[in-house]
Amino acid sequence: MTSTPTKPQPRARRLLATALRHPAVVPLGAVVLALLIGAVIIAAAGLDPLTAYAAVLEGSLDPRQLDYTFSVWGFICGMALAAAIPLRMGEFNLGGNGQMVLGGLTAAWVALNVPLPGILLVPLAVLAAAIVSGGFGALSAPLATRFGIPIIISTLLLSPIAVAVVSYLLRFQIGEAGSAVAQTPRLPDEGRMWALGDLSYSNTGLLVIIAMMVAFYVVDSRSAVGFELRVVGANRRFGAYGGVRVGRLAFGAMAAAGAAAGIVGAIIVMSSPYRLIDGALISPGYTFAGLAAALLAGGRPALIPVTAILFTILQVGGASMERSADVPRQLSDVLQGVVIVVLALRTVLDQRRTERSSA
């Protein structure tokens, strides 16, 4: 006799539905999907995916490489903040590259032209970078509230302009005379980030970025501004109806996001090789990785240091994967792109569901 299968109990169904609605399900699914797609690509090229991924872990977690890994983790965390702050209110900042290079240019100019001792010059350069980049980032808010240009569009279009202007200045105005590379002169000793012991790559800039993450966590969880960001991010119409000044909130969020990106640019320029080189801030892909880390964390500040670890491993281990497993390091960009696409799609679907429910 064959027994008919029993139907799942209602309680089991409820538990399964609750588990699937957990906030961590989609991010983890995005990571798994990215790794599977990467494995398929590697296997299609006739290579071993396990060998490639093992090379990524070995290269990024090598004790001799940890100093560099920590510095990259800090830069990705900083750019993740630049994306996460507006993301908390449902906005996307795609202008991190422009904000970062403006911060780097400002810090380099201050370090080269202001005659102050290092104890004053370094904080002044970082502060100036935050102000300039914060002001540039804040431009997107009035463009959205007064002219109806979405922040995701304005930041995407303004960023290449800032990058092009900085490149022009380096090539034809403030670049080092006689150099074959478009770059500023080497910063004086007073304008360099202070070292952390005997570390070669990580310096006090890493502590500044950690302090920014702590500050974002406190503001997000313990202040009225953080509450307003979350309310507007959950339902913009409800927030406006409840008295939240969405335009002013967007201005502050974009200013803070631009300032975070500018500080990262300043720290990179004031670290070895102590100069601003045309394209050097953009080529590592910190903005792209930071955006992916922010999306994976859902903008939640407590999770950003954790999600940034994943993209740091991909970023640093990509070179080792290319050397050991003969897999191009660009595969790490593909994996980050898959994560961004999946999470962005989920965000869009959530927003449409919210709009339908509030209509």
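Residue 198 satisfies every condition listed in (1) at pLDDT 90 or above; (2) in a loop (DSSP other than H, G, I, E, B); (3) farther than 26 Å from residue 80 by Cβ except (1). Across the stretch 195-205, the qualifying residues are those that are under 22 Å from residue 112 (Cα atoms) and in contact with a strand residue (DSSP E or B) (Cβ under 6 Å, 6 or more places away or on another chain), and the one among them that is surrounded by the fewest Cβ atoms within 10 Å (Cβ to Cβ) is 195.
Any residue at all in the stretch 27-34 that's open to solvent by 70 Å² or more (accessible area, probe 1.4 Å), at pLDDT 80 or above and among the hydrophobic types (A, V, I, L, M, F, W, C)? Break it down into steps so the answer makes sense when it comes.
Going residue by residue through the stretch 27-34, those that are open to solvent by 70 Å² or more (accessible area, probe 1.4 Å) are 28, 32-33.
Filter again for at pLDDT 80 or above, leaving 32-33.
Still in the list and also among the hydrophobic types (A, V, I, L, M, F, W, C): 32-33.
There is at least one residue in the stretch 27-34 that is open to solvent by 70 Å² or more (accessible area, probe 1.4 Å), at pLDDT 80 or above and among the hydrophobic types (A, V, I, L, M, F, W, C).
Within the stretch 235-254, being buried (at least 19 other Cβ atoms within 10 Å of the Cβ), in a helix (DSSP H, G or I) and free of Cβ contacts under 8 Å to residues at least 24 places away in the same chain holds for one residue alone: 239.
With respect to the stated conditions, residue 178 fails to be in a helix (DSSP H, G or I) and either open to solvent by 40 Å² or more (accessible area, probe 1.4 Å) or closer than 16 Å to residue 100 by Cα (or both).
Please count how many residues of the stretch 121-168 are at pLDDT below 95 and under 28 Å from residue 188 (Cβ atoms). Of the residues in the stretch 121-168, 0 are at pLDDT below 95 and under 28 Å from residue 188 (Cβ atoms). Within the stretch 73-89, is there a residue that is of a type in the set (D, E, K, R), open to solvent by 30 Å² or more (accessible area, probe 1.4 Å) and closer than 22 Å to residue 220 by Cα? Checked against the condition, which is being of a type in the set (D, E, K, R), open to solvent by 30 Å² or more (accessible area, probe 1.4 Å) and closer than 22 Å to residue 220 by Cα, the stretch 73-89 yields at least one hit. The set of residues in the stretch 309-333 being surrounded by fewer than 17 Cβ atoms within 10 Å (Cβ to Cβ) and closer than 12 Å to residue 73 by Cβ consists of 309 alone. The single condition among (1) open to solvent by 10 Å² or more (accessible area, probe 1.4 Å); (2) closer than 23 Å to residue 289 by Cα; (3) polar (S, T, N, Q) that residue 99 does not satisfy is (1).
Residues satisfying the criterion are present in the stretch 287-308 (criterion: surrounded by fewer than 24 Cβ atoms within 10 Å (Cβ to Cβ) and under 30 Å from residue 182 (Cα atoms)). Among the residues of the stretch 278-286, are any modelled with pLDDT of 80 or more, touching a strand residue (DSSP E or B) at 6+ places or on another chain (Cβ under 8 Å), farther than 23 Å from residue 196 by Cβ and not in a helix (DSSP H, G or I)? Yes; the residues of the stretch 278-286 include at least one that is modelled with pLDDT of 80 or more, touching a strand residue (DSSP E or B) at 6+ places or on another chain (Cβ under 8 Å), farther than 23 Å from residue 196 by Cβ and not in a helix (DSSP H, G or I).
Taken over the stretch 299-324, the criterion of being free of Cβ contacts under 8 Å to residues at least 24 places away in the same chain and assigned to a helix (DSSP H, G or I) is satisfied by 306, 322. Looking only at residues of the stretch 147-166 that are farther than 29 Å from residue 182 by Cα and free of Cβ contacts under 8 Å to residues at least 60 places away in the same chain, we find that the one that is most open to solvent (accessible area, probe 1.4 Å) is 147. Say we look at the stretch 102-127 and pick out the residues that are without any contact (Cβ under 8 Å) to a residue 60 or more places away in the chain and not polar (S, T, N, Q); which of these is least open to solvent (accessible area, probe 1.4 Å)? Among those residues, the one meeting the criterion is 114. Here residue 130 clears all of (1) free of Cβ contacts under 8 Å to residues at least 12 places away in the same chain; (2) within 21 Å of residue 105 (Cβ to Cβ) except the condition numbered (1). Residues in the stretch 50-61 that are open to solvent by 20 Å² or more (accessible area, probe 1.4 Å) and either aliphatic (A, V, I, L, M) or without any contact (Cβ under 8 Å) to a residue 12 or more places away in the chain (or both): 4 in all.
The values are calculated or read from the model by the stated rules, or taken from the named source; none is laboratory data. As the structure is a prediction and not an experimental result, all values here were calculated from the model. Counting neighbours? That spans all protein chains shown, and the Cβs are built from the backbone with ideal geometry, glycine included. The area values use the complete protein model at the heavy-atom level, side chains included, leaving out ligands, DNA and RNA. Shrake-Rupley method; radii C 1.70, N 1.55, O 1.52, S 1.80 Å.
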